[in-house]
Amino acid sequence: MSFLKPKDVIDEGDTVILYISVNSMHVIEATPTIVNKKGETIEHIFQTSFGALKVRNIIGVKYGSRVELSKGYAYVLLPNPELWTQTLPHRTQIIYTPDISMILHQLEVRPGSIVIESGTGSGSLSHYFLRAVKPHGHLHTFDFHEARANQARDEFKHHGLGDFVTVYHRDVCENGFGEELNGKADAVFLDLPAPQLAVPHAYKALKDSGGRFCSFSPCIEQSQRCCAALQELGFTEIQSYEILQQEDVVKTKTFPVMNLEFLKTEKDTSSSTKQPKETMKILTSSAPPTQPGHTGFLTFATLQPAFLR
């Protein structure tokens, strides 16, 4: 139940982030034993690039503590959506933090919000939604793949988030979100190959008081078809974005400086003295030599309250 609320000490069964470096993190379950492929119960030993960790040794340890590996050390961290996105087991391609931050902002997700998501996938975005809507909101998340839906349901329950999410196995493009959700949602998010087919169902699901819509598409043609469907149904403020995260290169550079006072004196005295070398150190910022790659296009729209449609 590591995701439910902040806690100090690792309990047996917790999901824990083992942090070695910013580029080397692992997710582990705090269980003293595991069952191997032969069905035998054995000691839970987790292997890393800096040696082995006997997992029973971290139970009862405070989160944030340094733990010894056989060839080094690591830190045990309380999981959050940001760390989970970097370490989760991939069942599908996932959405990462730069896009997620814009999605949460544009959909205006807050405690108490009712959010519909399709598809669930690996649950990367779902964990952010759940953190945002707690303690009074709810996430309804859909996936057309039954095994993935079942895995996600078990994962949410294991993380202590089961009370805030309902997982459905359904093809929403063909069957919609269900009559029970009509007029219930504050926001709808789609990550589908043909989002335009689900736009009419999103229209029905949003509240009469209005709401926000978002679709994630890797191809601009998908985004264009989605925009056309949104326009036909009377959505407004239709916009598409591409979020590119870029880290500027910050360096201190040395530049030669021309001494104007020296030049003035030399002109007045007709002397031929060599100008002294002077330099100035300046902190500079420049774009990196390589640009970030494309992830996808985010299409946002607003459904006005019913009396304005």
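Taken along its three principal axes, the alpha carbon spread of the range 115-190 comes to 31, 27, 18 Å, from the longest extent down to the shortest. If you run the Gaussian network model on the chain, springs between alpha carbon atoms under 10 Å, then out of Arg91, Arg153, Arg131 the most flexible one is Arg91.
Each eigenvalue of the Cα gyration tensor of the chain, multiplied by 5 and square-rooted, gives one semi-axis; in descending order these are 46, 35, 16 Å. Here's the list of lysines a cross-link from Lys281 could span, going by alpha-carbon distance under 26 Å and ignoring same-chain residues fewer than 8 apart: Lys251, Lys253, Lys264. As a fraction of the 1.4 Å probe accessible area of the range 164-206, surface on carbon and sulfur atoms comes out at 48 percent.
In the chain, Cα pairs under 8 Å separated by at least six residues give a relative contact order of 13 percent.
Per residue, the chain exposes 56 Å² of accessible surface when a 1.4 Å probe is rolled over the protein heavy atoms with every protein chain present. Calculated mean residue ellipticity at 222 nm for the chain: -7000 deg cm²/dmol, from DSSP H runs with n ≥ 4 weighted as -39500 (n - 2.57), summed, divided by the residue count and rounded to 500. Considering only DSSP states other than H, G, I, E and B, which trypsin sites (Lys or Arg not before Pro) in the range 1-81 qualify as loop sites with at most 14 other Cβ atoms within 10 Å? Passing sites in the range 1-81 are Lys7, Lys37, Lys38, Lys71.
The charge dipole of the chain, taken about the Cα centre with unit charges on the Cβ atoms of Lys, Arg (+1) and Asp, Glu (-1), comes to about 840 debye, rounded to the nearest 20. Relative to the dominant Cα principal axis of the chain, helix 260-269 is inclined by about 10°. Using the alpha carbons alone, the radius of gyration of the range 43-94 stands to its Kirkwood radius in an Rg to Rh ratio of 1.02. Projected onto their three principal axes, the Cα atoms of the range 1-102 cover extents of 44, 31, 28 Å, largest first.
Both radii are taken from the alpha-carbon atoms of the range 59-210; with Rh as the Kirkwood radius, Rg/Rh is 1.03.
Using a Gaussian network model of the chain with C-alpha springs under 10 Å, which one of Gln222, Gln106, Gln245 is most mobile by mean-square fluctuation? Per the Cα network of the chain with a 10 Å cutoff, Gln245 tops the list. For Glu117, the residues 5 or more places off, or on other chains, whose built amide H falls under 5 Å of its own are His140, Thr141, Phe142, Phe189.
Taking Cα atoms only, the orientation of helix 220-232 departs from the longest principal axis of the chain by about 60 degrees. Taking the square roots of five times each eigenvalue of the Cα gyration tensor of the range 132-266, the equivalent ellipsoid has semi-axes of 48, 22, 15 Å, listed largest first. Across the range 2-45, the mean sequence separation of Cα contacts (distance under 8 Å, 6 or more residues apart), normalised by length, yields a relative contact order of 27 percent.
The average projected area of the range 60-146, computed from the convex hull of its Cα atoms over all directions, is 8.0 nm².
The values are calculated or read from the model by the stated rules, or taken from the named source; none is laboratory data. Computed from a predicted structure; not experimentally measured. Glycine also receives a Cβ, built like all others from the backbone with ideal geometry; neighbour counts cover every protein chain displayed. Just the protein is used for accessible areas: all its heavy atoms, side chains included, with ligands, DNA and RNA removed. Shrake-Rupley method; radii C 1.70, N 1.55, O 1.52, S 1.80 Å.
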